[in-house]
Amino acid sequence: MPDQMVINVNGKPHAVQAPPDTPLLYVLRNELGLHGPQFGCGLEQCGACMVIFGREAKQSCKMTIADVGQTPIITLEGLIEDGQLHPVQEAFIQDQAAQCGFCTNGMIIATAALLAKFHHPTERVIRESLDGNLCRCGSHIRILRAVHRASELMWGPEP
Amino acid sequence: MSDYSGQSTQDNAPQSASSGRRESFWGELTDELDDWLRIELDGTITAFSGKVELGTGTRTALSQIVAEELDVPFERVHLVMGDTNLTPDEGYTAGSMTVNSSGDALRQAAAEARRVLLKLASDRLDTDSSDLVIHEGVISVIRDPERTASYAELMGGKQFACKVTYTAPLKPPELYRVVGTSVPRIDIPAKFTGQQSFIQDLEVPGMLHARLVRPPSSTARLVSLDGNSIKDVPGVVKLVQRGNYIGIITEREEQAILASQQLKVQWSESPSMPPMADLFTYLRAQPTDDHVLIDDGDVEKLIASSPKQISAEYHQPYHAHASIGPSCAVADVTKDHATIWSSTPGPHPLRGALAQLIGIPIEKVHLIHIEGAGSYGQNGSDDAAADACLLSKEVGRPVRVQWSRQDEFVWEPKAPAMVMQIRAGLDADGNITAWDYHVWSPSHVARARFPGQLIAAQLIAGQPAPVGRFSFGAERNAPTNYTLPRQRVTVHYLTHTPLHASSMRSLGGAENTFANESFMDELASAAGVDPLEYRLRYLDDPRAIDVLHAAAEKASWHAYPALRVKQGEVFEGQGLAFARYENEEALVACIAQVQVDPSTGIVSVKRIVVAHDCGLIINPDGLENQIEGNVIQSLSRALKEEVQFDEFRIKSVDWDTYPILKFSEVPQVDVVLINRPTEPALGAGEPSTVTTAAAVANAIFDASGIRLRQVPFTPERVKAALQERFPESRS
């Protein structure tokens, strides 16, 4: 039996069958059945696999479960609390901020982490924070609109 | 009332019938009503489309069309798409044809069903159908509203058992309540909450995982393979090697990745690629099959005798579809049956190719479409399905194949490189005397209908991709929509392509429009005329004139002379482009406002305005979403994208070596929608892709006086062009 690791995902401990050098992404998707984080490149270049690691948005495609340790992980699914969508998810739906939606996981995760830290980020800060998240369909304009909307939903209008 | 009295059905019938059947080239359209629609006992409507959702919102738009024509609430329509056991064969989801072809077929089917239901109700309620009214799937007598019959009661779970005649009365657009509104996308909430949405998310009981070990290039040959090199990798079920084809099947996904990285394999490569630096000279020198699309005669003579002659050559490099999710497929192949889950845009045609590939009769092969990441044409999805089939057959268990990022970049068919050359004569007033257009391109279509067109079969047999059975796509938008006094348009189809190439969004439409609309700008400049005014001289279609005016007004177009203002250290300019997609589909006018920084060569696009007329608008917000996406993706292609290769292999293998536009580079995009409720609904998945590159090139010229005739407009090219144009100035 390989060393069994326990990781904390969406508020619950999970015993992991995979070896410690397994990238977190495959454990989340295949062992925990979570379909939020997506495999986009496996190279930490595109952001489709992002999760909230502690308080930061991080790519999960190269981070191993040994790296994860006891740091809590939140996935797209874990943003939902008591059946209530996270305001960022609400805002993305209201703005229809996707075409194919494959990259959206990373967009929502990166936005949730950003808005937890900066309640009313400037347009420039938003764009720079999302530069590591690639979208091929060209939904950027809607995504930016949704980030502004989420900021208002979470923290009210800019003072 | 319910039969739309006063509406002429005859006016609609011929046009709709022809547009509904135009795709028959690609599919085998059925006119059995039951193949399109079913009224369920609970009152829901099941509709069937052979098209698939490619992330463009067509599932929502088609459902709107059915709900509208049948007078049922939108939520009651359940649309089944792209399942070879359930849906009609509508060929490929391509060419911005889903809303106009499948939409038209479903609209006609729904209208036919409505007519049948009205007849049934008239019999049951013992009244004339003109005394009936339909509300939310319930038919009632106008003067006695207590007498009703619902669709479900009338059908009682039975089939229609009749034909779609294309003669049923269609609802007049002024009565629309669902079509024309921004119904939110059906698929979006699941995608934003992590519910299973994509082919990548599918898990079939007993499923194994696989990764491929592709050769470094398509002509490489396997020299040696050391199976022992993965013997310490746990979970390996089978290492498959046939010819140059290698796949590894494991219990868990990360095991397949590890094994594919650890496998010791040696390849021999030969220099089979053309020199990238001389690509366009090379393309011009290849054998071609020439098609003269238009020849008004005397073009050469008229150009030669004109006081002014202008010529230019434009270059388009290879582009990648670059789907954000690499291709994936699942197959369960047994001795005599196969089920395949794939994000293919052509479930029915691919089914035939796969059936032959695995040697199972086509009627025993069931292909189910499940969405993948956006594909924008032919990406790796068909080939991944072939991989899943072959590997599943090897182990007799369901296998999920996930391509790596590098697999996708190297092995997806590329959008072809092209050369466009135009010459024109101008008279003393700057008017065009004659126009001579030439384009060199391979076919833009190499979709898999036969096993030999699939990469897996090519690697097994050691054969290259076969030459396409027909040439298609390079003629798209080669002719302009301008009324020119004399013109000749010639397509020189290359009979082979050095890099495997197939359909990408708009096929040759974007490249031809880049050339045509850059050249119109060059002519306007030579004539000393405002580029907008110059185009209007050659347009007589009021819809074309309208989109140009709408864009100009929204963008506050500054009439010639050129803007060419220097703001601090950067130049600012505006550029215009116009096209009617495929010469008869949606009309687009695009204006780009750019800044050019001469010290860095960086082109910053600040704003793009698009005016868009695709006839009747089904879903305004969905349409705007498509247009924004077209603009940003085509801007990325124009500013940044070029597939890199050396004499042996493709060097663009990831997002560092094939960068695309990022958030900090995205401009403001303003869309002006022109709705024409009495005109047919035209597709919008591609038209606004075609105008961006020319609008930006024209804006760069307006800003800085340099003319860029090769995509992409990289800082290096801008700096080199500035240096050439203004050799004395130091930047």
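The values are calculated or read from the model by the stated rules, or taken from the named source; none is laboratory data. Here the structure is a predicted model, which is why all the values come from computation and not from measurement. Every residue, glycine among them, receives a Cβ derived from its backbone with ideal geometry; neighbour counts consider all protein chains shown.
State yes or no: is B:V233 in contact with a strand residue (DSSP E or B) (Cβ under 7 Å, 6 or more places away or on another chain), within 14 Å of chain A (Cβ to nearest Cβ) and closer than 22 Å to A:L28 by Cβ? Considered against the rule, which asks whether it is in contact with a strand residue (DSSP E or B) (Cβ under 7 Å, 6 or more places away or on another chain), within 14 Å of chain A (Cβ to nearest Cβ) and closer than 22 Å to A:L28 by Cβ, B:V233 comes out as no. The sole residue among B:L536, B:L499 that is touching a residue at least 12 places away in the same chain (Cβ under 8 Å) and part of a loop (DSSP other than H, G, I, E, B) is B:L499. The conditions of being out of contact with any Phe, Trp or Tyr (no Cβ under 9 Å at 6 or more places or on another chain), among the hydrophobic types (A, V, I, L, M, F, W, C) and at the interface with another protein chain (Cβ under 9 Å from one of its Cβ atoms) are met by A:I80. If we scan region B:418-432, do we find a residue that is of a type in the set (S, T, N, Q), part of a loop (DSSP other than H, G, I, E, B) and over 22 Å from B:G95 (Cβ atoms)? Yes: region B:418-432 contains one or more residues that are of a type in the set (S, T, N, Q), part of a loop (DSSP other than H, G, I, E, B) and over 22 Å from B:G95 (Cβ atoms). Is it the case that some residue within region B:45-60 is under 21 Å from the mean Cα position of the chain (by Cα), more than 14 Å from every other protein chain (Cβ to nearest Cβ) and farther than 18 Å from B:E112 by Cβ? Among the residues of region B:45-60, at least one is under 21 Å from the mean Cα position of the chain (by Cα), more than 14 Å from every other protein chain (Cβ to nearest Cβ) and farther than 18 Å from B:E112 by Cβ, which makes the answer yes. Taking the criterion of being within 13 Å of B:L673 (Cβ to Cβ) and within 9 Å of chain A (Cβ to nearest Cβ), the residues of region B:625-642 that qualify are B:N625, B:Q626, B:E628.
Among the residues of region B:64-78, just one is free of Cβ contacts under 8 Å to residues at least 40 places away in the same chain and either of a type in the set (A, V, I, L, M, F, W, C) or touching a helix residue (DSSP H, G or I) at 6+ places or on another chain (Cβ under 6 Å) (or both), namely B:V77. State which residue is surrounded by the fewest Cβ atoms within 10 Å (Cβ to Cβ) when the search covers only region B:33-63 and only residues that are out of contact with any helix residue (DSSP H, G or I) (no Cβ under 7 Å at 6 or more places or on another chain) and part of a strand (DSSP E or B). The extreme case among them is B:T46.
Listed by position, the helices (runs of 4 or more DSSP H) inside region B:287-396 whose residues that are modelled with pLDDT under 95 number at least 1 are B:347-358. Considering only residues of region B:455-478 that are over 20 Å from the mean Cα position of the chain (by Cα) and part of a loop (DSSP other than H, G, I, E, B), which is modelled with the lowest pLDDT? Among those that are over 20 Å from the mean Cα position of the chain (by Cα) and part of a loop (DSSP other than H, G, I, E, B), it is B:R469. Of the residues making up region B:408-423, at least one is within 27 Å of B:I303 (Cβ to Cβ) and surrounded by fewer than 20 Cβ atoms within 10 Å (Cβ to Cβ).
A quick yes/no check of all residues on (1) closer than 26 Å to B:A694 by Cβ; (2) modelled with pLDDT under 95; (3) touching a Phe, Trp or Tyr at 6+ places or on another chain (Cβ under 6 Å):
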| position | (1), (2), (3) |
| --- | --- |
| B:A611 | yes, no, no |
| B:L623 | yes, no, no |
| B:E628 | yes, no, no |
| B:V631 | yes, no, no |
| B:L635 | yes, no, no |
| B:L639 | yes, no, yes |
| B:Q644 | yes, no, no |
| B:S652 | yes, no, yes |
| B:W655 | no, no, no |
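If I ask for residues that are more than 10 Å from chain B (Cβ to nearest Cβ) and of a type in the set (A, V, I, L, M), which ones from region A:111-145 would you list? Across region A:111-145, the qualifying residues are A:A112, A:A113, A:L114, A:L115, A:A116, A:V125. Here the strands (runs of 3 or more DSSP E) wholly within region A:4-64 that include at least 3 residues being more than 7 Å from chain B (Cβ to nearest Cβ) and more than 13 Å from the chain's Cα centre (by Cα) are A:5-9, A:12-16.
Might you let me know whether region A:79-90 holds any residue that is charged (D, E, K, R) and assigned to a loop (DSSP other than H, G, I, E, B)? Yes, because at least one residue in region A:79-90 is charged (D, E, K, R) and assigned to a loop (DSSP other than H, G, I, E, B). Cβ-Cβ distance below 8 Å, separation of 6 or more or different chains: which pairs start in region B:170-197 with a residue that is away from every other protein chain (no Cβ under 13 Å) and end on one that is among the basic types (K, R) and buried (at least 16 other Cβ atoms within 10 Å of the Cβ)? That search, which allows pairs on different chains as well, returns B:L170/B:R107.
If B:V653 satisfies every condition in (1) buried (at least 24 other Cβ atoms within 10 Å of the Cβ); (2) within 14 Å of chain A (Cβ to nearest Cβ); (3) not charged (D, E, K, R) but one, which is the exception? Looking at each condition in turn, B:V653 falls short on (1). Exactly one residue out of B:L79, B:L41, B:L118, B:L125 is among the hydrophobic types (A, V, I, L, M, F, W, C), out of contact with any Phe, Trp or Tyr (no Cβ under 9 Å at 6 or more places or on another chain) and within 30 Å of B:E363 (Cβ to Cβ): that is B:L41.
For every residue, the table says whether it meets (1) of a type in the set (G, A, S); (2) closer than 17 Å to B:L37 by Cβ; (3) assigned to a helix (DSSP H, G or I).
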site	(1), (2), (3)
B:T87	no, yes, no
B:T93	no, no, no
B:S130	yes, no, yes
B:T148	no, no, no
B:A152	yes, yes, yes
B:K171	no, yes, no
B:R185	no, no, no
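The conditions of being under 23 Å from A:L28 (Cβ atoms) and more than 13 Å from chain B (Cβ to nearest Cβ) are met by A:Q70. Among the candidates B:A446, B:A456, B:A434, the residue that is within 30 Å of B:D383 (Cβ to Cβ), buried (at least 22 other Cβ atoms within 10 Å of the Cβ) and touching a Pro at 6+ places or on another chain (Cβ under 8 Å) is uniquely B:A446. Taken together, B:E136, B:E146 contain a single residue that is more than 19 Å from B:E112 (Cβ to Cβ) and without any contact (Cβ under 8 Å) to a residue 12 or more places away in the chain, which is B:E146. The residues of region B:264-312 that are closer than 20 Å to B:L523 by Cα and hydrophobic (A, V, I, L, M, F, W, C), listed by number, are B:V299, B:L302, B:I303, B:A304, B:I310, B:A312. Give the residues of region A:74-109 that are free of Cβ contacts under 8 Å to residues at least 12 places away in the same chain and surrounded by fewer than 24 Cβ atoms within 10 Å (Cβ to Cβ), sorted by residue number. Passing the criteria: A:I80, A:E81, A:D82, A:G83, A:Q84, A:L85, A:I93. Scanning region B:704-718 for residues that are under 12 Å from B:A638 (Cβ atoms) and in contact with a Gly (Cβ under 8 Å, 6 or more places away or on another chain) turns up B:T714, B:R717. The residues on offer are B:I706, B:I700, and the sole one that is part of a loop (DSSP other than H, G, I, E, B) and over 18 Å from B:A550 (Cα atoms) is B:I706.
Restricting region B:284-316 to residues that are touching a helix residue (DSSP H, G or I) at 6+ places or on another chain (Cβ under 7 Å) and crowded, with 16+ Cβ neighbours inside 10 Å, which is nearest to B:E641 (Cα to Cα)? Of everything passing the filter in region B:284-316, B:Q316 is nearest to B:E641 (Cα to Cα).
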